[in-house]
Structure formats: structure tokens, C-alpha cells
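J.: I have a structure here, written as C-alpha cells, and I will follow up with some questions on it.
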Amino acid sequence: MRRQLYEVQRAMRARRETALRRGVIAILDIGTSKVACLVLQFVPEEVGEDGDTRPVLSQGAFRVIGAANTRSRGIAFGEIEAMEECERAVRTAIQGAQKMAGFRVDHVIVSFSGGRPRSYGCTGEVEVEHGAVAERDVGHVLAACDIPDYGHDRDALHALPVNFCLDDRSGLTDPRGQVGRMLAVDMHLVTVASGPLRNILHCIRRCDLELGGIVVSSYASGLASLTEDEQELGSACIDIGAGVTGLSVFLRRQMIYADSVRMGGAHITSDIGHGLQVSLPDAERLKTMHGGLIATGLDDRDMIELPSILGDWEHDRRQISRSELIGVMRPRVEEILEEVRARLDASGFEYLPSQRIVLTGGSAQIPGLESVASRVLGRQCRIGKPHRVQGLPQSATGTAFSTAVGLSMHVSHPQDECWDFETPADRQGARRVTRALRWFKENW
Amino acid sequence: MLAMRRAASTPRRDPAPSRLRYRLTRVWLRPGVRRVVNFGLPLMAGVLASWTVMAQFDVRGQVTAWASQLHEKIVDRPQFTITAITVPGVSQDLAEQIRVAAFVSLPASSLELDVNGVRERIEALDAVQRARVRALPSGILEIQAVERVPVVVWRAPDGIELVDENGVRVAEVDSRMRRPDLPLVAGPGAGGHVPEALALLAVAEPVGARVRGLVRVGDRRWDLVLDRDQVVKLPETDPLAALRRVMALEASGEVLKRDVAVLDMRDPARPMLRLTDRAMAELERLKTLKTGEDA
């Protein structure tokens with residue numbers, strides 16, 4: 001089973017390389033409330049007047065040439081609930097972005113927020129073959145990791161080598177070429193439930209697109225909204241979406257933990273709908289127009305006209321104060337944040353050197369979320385908007401688009417994954433010819 | 001049932017493209033397909049349509065008939081008709097020749113008239129050096145011809161010809177007496193050296209009344225023939241100088257007035273005289289008289 005997964009991931013990596021060579025690739029963020037699509041054009045590095053390449057940010061090598069988003073249908077908790085509906089949403093987003101870009105896109109990279117991601121830390125240790133660590137040794141040590149039994153109904157989505165140890169030196173990012181005896185690796189393995197993942201793959205296939213990669217959405221959000229210092233020193237990114245709140249912890253520019261809470265902005269909306277007895281679209285409107293988390297004296301006098309169900313001006317008029325609305329919203333937000341705190345505690349976040357928390361995602365736009373989050377999580381929080389990307393429309397620069405932006409950064413600077421290294425020959429089984437050729441190559 | 005529920009919950013139309021439309025859009029975004037549909041197909045349709053129309057014979061015939069009719073209608077307009085030919089500035093005789101040679105049947109249309117062809121036909125005439133043909137707006141074809149002027153009569157091996165100064169034949173005549181005013185040259189190749197002949201004749205002006213003509217010998221050199229069958233043989237090179245010398249001798253000693261048959265100047269270092277038979281006999285007689293006296 002593991003070998004099969006390797007093949008799937010390798011095929012996706014190959015398709016991504018193809019797309020990068022062709023220069024156009026699409027980013028698809030399938031979320032619970034919206035489906036966003038960006039079309040990226042990869043351009044050769046710009047050369048400035050003084051001859052050297054322009055010091056662009058790490059995301060400078062590409063340009064967004066098409067962007068579209070649409071209300072998503074048939075998706076709950078980041079998982080596909082109605083295939084047909086979801087497919088329509090994806091088609092709408094892809095077509096809009098293609099139209100804006102003027103290019104046809106064939107390869108797409110998808111974020112996946114559902115499927116209950118679970119993190120595992122694995123370690124492996126091998127003896128270095130020829131004194132200096134070669135790429136082959138890295139492959140060996142990655143293959144030597146003891147993979148936990150994560151169950152047959154889950155698939156590994158990421159297998160990131162986060163740390164290498166050579167003898168007694170730890171914290172190496174790239175051990176190749178260094179001399180040592182024992183090479184050890186810490187690998188971060190993220191698995192998700194296979195069923196929802198397969199559904200996503202099937203949906204993409206039904207839209208005539210080729211999948212060039214699939215990324216856990218909280219990972220992508222972290223890439224987009226954390227600054228480099230935060231990624232280096234340790235921080236958590238909390239991506240509060242509509243259906244799922246994703247959580248990722250970064251240390252030394254590596255994601256070391258990913259998890260999700262299956263609650264989000266849609267639950268706040270449904271709370272408002274239930275509590276104030278308004279329809280869900282009206283509740284959504286109330287939330288976005290008047291919502292908040294911290295009530296002040298002014299909010300008691302700030303009366304909001306509720307949309308009437310019957311439309312009768314004389315008999316069916318209701319007014320609530322804004323503090324009532326806040327009173328409905330705040331418990332749900334606190335519940336979400338408490339869940340997040342539980343997950344953070346489980347991850348060992350408190351042992352990191354720096355413990356910054358960055359809130360992003362569509363629901364991070366609720367006014368007052370920072371202070372509530374600081375109080376619940378016990379640390380300083382900030383709202384993280386995604387980094388600026390060349391060509392991104394103004395409407396897509398909000399916190400709701402941090403997953404999409406993070407995906408594009410992930411495409412332009414992909415993280416080394418376990419399957420990018422060559423599997424050692426003894427694990428390849430029946431490919432004797434390849435083995436013989438490799439033996440020749442290594443010895444002559 | 002499902003559709004009803006959807007209609008109730010989402011009153012606005014779903015913006016999602018249908019699967020077919022989505023695929024068509026993606027196909028349309030391929031540059032090749034786009035090019036074919038935008039340029040290739042219209043081009044092919046146009047070619048096909050015109051081909052099918054042209055393939056029907058009667059349509060093509062109609063089109064060509066209509067076109068030729070239109071052409072005729074324009075050509076036959078009175079503004080373009082030529083009713084007369086004028087040949088100003090040449091002799092009556094030549095004008096008649098030119099009219100015949102122009103080979104234009106009146107009335108003709110100036111649009112269809114090949115003016116260059118007419119000009120070439122006229123310039124092919126011997127007597128015409130240059131011609132200008134133009135159709136005047138008043139319906140007259142004007143042919144301005146420059147006649148060749150004959151300067152010598154050449155008794156050529158195959159007839160008597162009038163030749164202009166470039167050696168080009170102007171006309172053929174049956175008798176030299178047709179143009180007694182022109183000098184006579186004879187011998188093969190004499191027609192090609194008319195300027196030289198004219199220069200020699202100009203030098204021979206002091207005995208002009210006696211000159212009968214110039215004879216080209218072996219297409220190489222000239223003989224000046226005077227009356228009383230006197231011949232002055234001129235050298236191949238620089239005949240003018242030799243002739244001037246003869247003229248000087250004539251002026252000083254009246255050589256040519258004497259009873260001389262041939263004056264041979266071919267060797268400039270040694271001119272020779274040949275007397276006539278009668279003069280020779282007279283010379284003999286005088287010589288014997290003198291010796292008899294002495295004896």
C-alpha cells in the first residue's frame with residue numbers, strides 16, 4: 001500500500017513539473033463556503049537594470065493571471081457531500097479564472113481541508129555508507145523511518161523530512177555532503193481519511209483536469225500568512241474557515257503539526273439563524289454586516305432591524321441590539337478556540353521557542369477576534385493576511401484567500417517530501433534491470 | 001423533487017456552466033482551435049462556396065458574358081472611337097505607305113487599339129526613322145513620323161538602293177536616274193561606309209563635276225571614279241589624306257586633267273600613274289622623234 005502511495009505522489013509531482021515547464025498552473029481551494037481558483041503563470045526571473053536578479057520575495061517567480069471564486073455547493077466540513085454540485089462549483093471557478101487568464105489550464109493543485117488530518121512524527125536512523133552523506137543516504141534514512149500503522153482507511157498526504165541529525169548534531173536542514181557516521185531523520189507524516197480524498201480526486205478528474213498535487217489547507221494557509229521569522233521561530237496558524245478550522249504549527253520553516261477542528265464560520269451562521277430565528281442567508285448577512293465578539297455599552301443601543309419572514313411591516317417587525325448578536329456569536333467562537341487550544345496543547349506547542357499565533361481564514365474577519373483569541377489561547381494573536389503576490393486582484397487579498405495564496409507559494413517553492421528522494425534499491429522489488437543499471441552507474 | 005427543492009432554496013440561477021459548455025470553453029481556449037475556427041473555417045467556406053458557384057457552367061458563362069458585354073459597352077462609346085488617321089509632316093507617298101502599314105481598320109476603339117504595335121509596324125518601314133503614335137481626344141489617330149533622308153545611291157549587288165547616312169536602306173529604286181542629285185556608290189559593303197564615302201566626296205569637291213561615283217573594292221578600300229574612265233585608287237588606311245594629296249596635285253599640276261587612266265595612291269610612299277594607251281603611244285612617238293632627231 002505504501003508503495004502505491006509513493007507511485008501516486010510521484011505521478012502528481014511529475015505532472016506538477018510538466019505544468020511548471022509549460023508555465024501555467026491552476027490553484028484550486030475547495031472550501032466549505034467558497035471555491036477559489038487562481039491561474040498562475042510562471043515567468044523567468046526578472047533581471048534588473050544593474051544586472052542581477054531583482055530581489056523579489058520568495059513568491060516572486062510567478063504571477064497571478066486569473067482569479068475567480070464562487071459560492072461552493074455540496075461541500076460540508078471541507079469534504080464533498082454532493083459530487084454533482086461540487087463539480088459545478090469547481091467548473092464555475094475554473095472557467096472564470098480561465099476566462100480572465102485567457103489560457104487553458106490543464107494542471108491543478110488542490111487544497112484539502114477536510115478528512116480529519118492527523119500528524120505523526122516518525123524517526124529513522126541509518127549508517128552512512130561512504131563517509132559523506134549522499135542523496136542515496138537520505139533516501140535510505142527516509143525509507144528506514146518506522147511508519148506508524150495509521151489504518152487502511154487513511155492516506156498519507158505529506159511526508160516532510162523536518163529535521164536531520166548527523167551523529168550528535170541535530171537541526172540540519174540539508175545533510176548532503178556532510179561527513180558523519182549515523183544519519184537520523186525526523187519525518188512529519190500527515191494522513192487524511194481516504195474516502196473524502198478520493199472524492200476530491202474524482203471530482204477533479206470529472207472536470208477534465210489533471211491533479212498536480214494536493215495539500216492540506218492549513219499548511220497552505222500557514223505558508224501564506226506566517227512571516228519568515230514566525231516560521232523560523234515557531235508559531236501556529238489557525239485557519240478559521242467556514243466548515244473546518246485548520247491548525248498548523250511551524251518551526252524552522254517546517255510544518256511540524258497539522259490538525260483540524262470541524263467547526264467554523266458556518267456554525268456561527270447557523271447559531272445566529274437558530275438563535276434569532278432568521279433564515280441562513282439573512283443570518284450570514286447579519287454576521288458579516290453587524291457581527292462582533294466584544295460587546296460595549298454602545299452596542300446595547302445599536303439596534304439592528306431583523307429581516308421579517310412574512311414581510312408584514314405592521315405586525316412582523318423585530319429588532320435586536322448588536323450586543324444580542326454578539327451574545328449569540330461569541331460562545332461559538334470561544335468553543336472553536338477552546339477546541340483549537342486543546343489541539344495545540346496536544347501538539348506540544350508550548351515547548352516552542354516562540355509561540356506566535358496567527359489567525360487567518362474567512363472567519364478571522366470577525367471584529368474583536370484577536371482579543372478573544374488571546375484570552376482563550378493565552379498568547380498574543382494577530383490576524384494574518386496572506387502575503388502579497390504579484391497580479392493578485394485586490395478582492396482576493398483578504399484573509400479568506402490565504403489558503404489559495406499559500407498554495408501558489410507551495411507550488412513555486414515546493415517542500416521536499418519523502419517521495420522526492422529515490423527509494424533505495426532493496427525496496428524496489430522486481431525491477432532488476434533498473435537495479436543492474438544503477439549498480440553500473442554507481443560503480444563505474 | 002430535487003429540482004423543486006433547489007429552485008425553492010436558490011431563487012437565483014446557478015451560474016455554473018453545463019458540462020458541455022465547460023468543455024467547449026476549454027476547447028475554445030486552445031490557440032490552435034481558435035485559429036482554425038477564426039481563420040481556417042471562413043477561408044475554407046469562402047473557397048468552397050466560390051468553387052461550387054464557379055463549377056456551375058452557366059453561371060460562369062453568364063458572368064463572363066456579362067463582363068464582356070460591359071467591356072464592349074464601354075469600348076464602343078463614341079468618346080473612344082477613332083475615325084481618322086493623320087500623318088502630318090511627311091510626303092504624300094510616305095503617308096500612304098504609313099497608312100497601309102499602320103493596319104488600322106476604321107472606326108476603331110482607342111481602348112482596344114495597340115498603339116505600340118502600330119508604332120512598331122510603322123517603324124518597321126524602311127523610310128521611317130522614328131514614329132510617334134497617339135490617339136487624340138477628338139477621335140483622330142495622329143502618327144508623327146520622322147522620314148529617313150537618303151544621302152547616296154548605292155548600286156548594291158542586288159539592286160539599286162537609296163541609303164541614308166547611317167547606311168540604312170530608305171528605298172529601292174529601279175534606276176539611278178531617279179535621284180540624279182545624290183552621289184553614287186557601288187560595290188559590296190559600300191552601304192556600310194556611307195559617312196566615309198560622304199567625307200571623300202566632300203574632299204573631291206574641286207573635281208566635283210567630273211565625279212561619277214565611289215567604288216568599294218573588296219569591302220576594303222575605295223576607288224574614286226571620274227569621267228573619261230579615270231580611276232583614283234585610294235589606300236585602305238587614311239584614304240582622306242591620300243585624296244587630299246591628289247586634290248593638291250590636281251590644283252598644282254592638273255594631274256587629272258591629263259590623259260591619265262589610273263592614279264594609284266594605294267602606297268602613299270609611291271604614287272603611280274598609268275597613262276591611257278593613246279597617251280602612251282604619243283609618248284613613244286615623241287620619244288622616237290627626239291631620238292631620231294638626235295640620230
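The values are calculated or read from the model by the stated rules, or taken from the named source; none is laboratory data. Here the structure is a predicted model, which is why all the values come from computation and not from measurement. FYI the Cβ positions are ideal-geometry reconstructions off the backbone, even for glycines, and counts take in every protein chain you see. Heavy atoms of the whole protein, side chains included, go into the accessibility calculation; ligands, DNA and RNA do not. Shrake-Rupley method; radii C 1.70, N 1.55, O 1.52, S 1.80 Å.
J.: Give the Rg (one decimal place) followed by the Dmax (whole number) of chain B, computed from C-alpha coordinates and expressed in Å.
T.: Here Rg and the maximum Cα pair distance are 43.9, 173 Å.
J.: Among the lysines, select those whose C-alpha is under 18 Å from the C-alpha of A:LYS34, and discard any that sit fewer than 8 residues away in the same chain.
T.: Of all the lysines, those that pass the test against A:LYS34 - Cα under 18 Å, at least 8 places apart if same chain - are A:LYS287, A:LYS385.
J.: Now a separate question. Given a 1.4 Å probe and heavy atoms of the protein chains only, how would you sort A:GLU87, A:GLU228, largest accessible area at the top?
T.: A:GLU228, A:GLU87
J.: Let me ask something else about it. How much of B:ASP93 can a 1.4 Å solvent probe reach, expressed as accessible area in Å² and rounded to 10?
T.: Counting only protein heavy atoms, B:ASP93 exposes about 110 Å² to solvent.
J.: Still on this structure: Would you be so kind as to list the residues of segment A:69-111 that have their accessible area lowered by at least 30 Å² in the full protein complex compared with their chain by itself (1.4 Å probe)?
T.: Residues passing the criterion (a loss of at least 30 Å², heavy atoms only) are A:ARG73, A:GLU85, A:ARG88, A:ARG91, A:THR92, A:GLN95, A:GLN98, A:ARG104.
J.: Could I ask something else about it? Cα axis of helix A:432-443 to longest principal axis of chain A: angle in degrees, 0 to 90, nearest 10?
T.: With rounding to tens, the tilt is 70 degrees.
J.: Quick one: in the protein assembly as shown, what % of C-alpha pairs are over 52 Å apart?
T.: 51
J.: With a 4.7 Å Cβ cut-off, tell me which Cys residues in chain A come up empty for a partner.
T.: By the Cβ distance rule, which asks for a partner under 4.7 Å, the isolated cysteines are A:CYS37, A:CYS86, A:CYS165, A:CYS203, A:CYS207, A:CYS237, A:CYS381, A:CYS418.
J.: If you don't mind, there's one more thing I want to ask. For chain B, find the longest principal axis of its Cα atoms and tell me its angle to the long axis of helix B:194-203, 0 to 90°, nearest 10.
T.: On a 0 to 90 degree scale, this one is about 30.
J.: Mind checking how much accessible area B and A bury in total, 1.4 Å probe, in Å² rounded to 100?
T.: The summed interface area works out to 1600 Å².
J.: Let me check something: with ligands and nucleic acids excluded, how do A:ARG341, B:ARG228, A:ARG438 order by accessible area (1.4 Å probe), largest to smallest?
T.: B:ARG228, A:ARG341, A:ARG438
J.: When all protein chains stay in place, what accessible area (Å², nearest 10, 1.4 Å probe) is found for B:LEU273?
T.: Here the residue's solvent-accessible area equals roughly 100 Å².
J.: Determine the percent antiparallel among the DSSP beta bridges restricted to the protein assembly as shown, to the nearest 5.
T.: 75
J.: Mind pulling the angle between the C-alpha long axis of helix A:2-22 and the longest principal axis of chain A? Nearest 10 degrees, somewhere in 0 to 90.
T.: Value to nearest ten degrees: 80.
J.: What is the calculated FRET efficiency for B:LEU182 to B:SER105, with r their C-beta to C-beta distance and R₀ = 35 Å, to the nearest 0.05?
T.: Efficiency for this residue pair is about 0.40.
J.: Then there's this: Taking a ≥ b ≥ c as the square roots of the Cα gyration tensor eigenvalues, with a/c under 1.5 meaning rounded and otherwise prolate when a/b beats b/c, else oblate, which class fits segment A:357-426?
T.: Verdict is oblate for segment A:357-426.
J.: Mind checking the mean number of beta-carbon atoms from other chains within 10 Å of the Cβ atoms in B:15-24?
T.: 5
J.: Could you tell me what percent of the DSSP beta bridges with both partners in segment B:150-285 are antiparallel, to the nearest 5?
T.: Bridges in segment B:150-285 are about 75 percent antiparallel.
J.: Counting only protein heavy atoms, what percent of the accessible surface of chain A is carbon or sulfur at a 1.4 Å probe?
T.: 50
J.: OK, next. Determine the distance separating the Cα centre of segment B:58-107 from the Cα centre of segment B:234-255; give it in Å without decimals.
T.: Between the Cα centre of segment B:58-107 and that of segment B:234-255, the gap is 60 Å.
J.: I've got another one for you. Cut-off 10 angstrom, C-alpha nodes, Gaussian network model of chain B. Which of B:VAL146, B:VAL207, B:VAL47 fluctuates the most?
T.: B:VAL47
J.: How many angstrom lie between the C-alpha centres of segment A:224-269 and segment A:128-191?
T.: 25
J.: Further question: Let me have the relative contact order for chain B, percent, based on Cα pairs under 8 Å that are six or more residues apart.
T.: Contact order relative to length: 8 percent.
J.: Roll a 1.4 Å probe over the protein chains and send me the accessible area per residue for chain B in Å².
T.: 65
J.: With springs only between Cα atoms under 10 Å, which of B:PHE39, B:PHE80, B:PHE103 fluctuates most in a Gaussian network model of chain B?
T.: It is B:PHE39.
J.: Across chain B, how many lysine pairs separated by 8 or more positions, or lying on different chains, have Cα atoms within less than 29 Å?
T.: Eligible lysine pairs with Cα atoms under 29 Å apart amount to 4.
J.: In Å², and per residue, what accessible area does segment A:118-193 have when probed at 1.4 Å with the other protein chains present?
T.: 44
J.: Under 1.5 on a/c is rounded, so check that first for segment B:167-221, then, if it is not, pick prolate when a/b is larger than b/c and oblate when it is not; a ≥ b ≥ c are the square roots of the alpha carbon gyration tensor eigenvalues.
T.: Oblate is the answer for segment B:167-221, as a/c is 1.5 or above yet b/c matches or exceeds a/b.
J.: From largest accessible area down, sort A:TYR120, A:TYR351, A:TYR219; use a 1.4 Å probe on the protein chains.
T.: Sorted descending by solvent-accessible area, the residues read A:TYR351, A:TYR120, A:TYR219.
J.: Another question, then. I need two numbers for segment A:118-193: Rg to one decimal and Dmax as a whole number, Cα atoms only, in Å.
T.: Rg and Dmax of segment A:118-193, Cα atoms, are 13.1, 41 Å.
J.: Summing -39500 (n - 2.57) over the DSSP H runs of n ≥ 4 in the protein assembly as shown and dividing by its residue number, what mean residue ellipticity at 222 nm do you reach, to the nearest 500 deg cm²/dmol?
T.: That calculation yields -12000 deg cm²/dmol at 222 nm.
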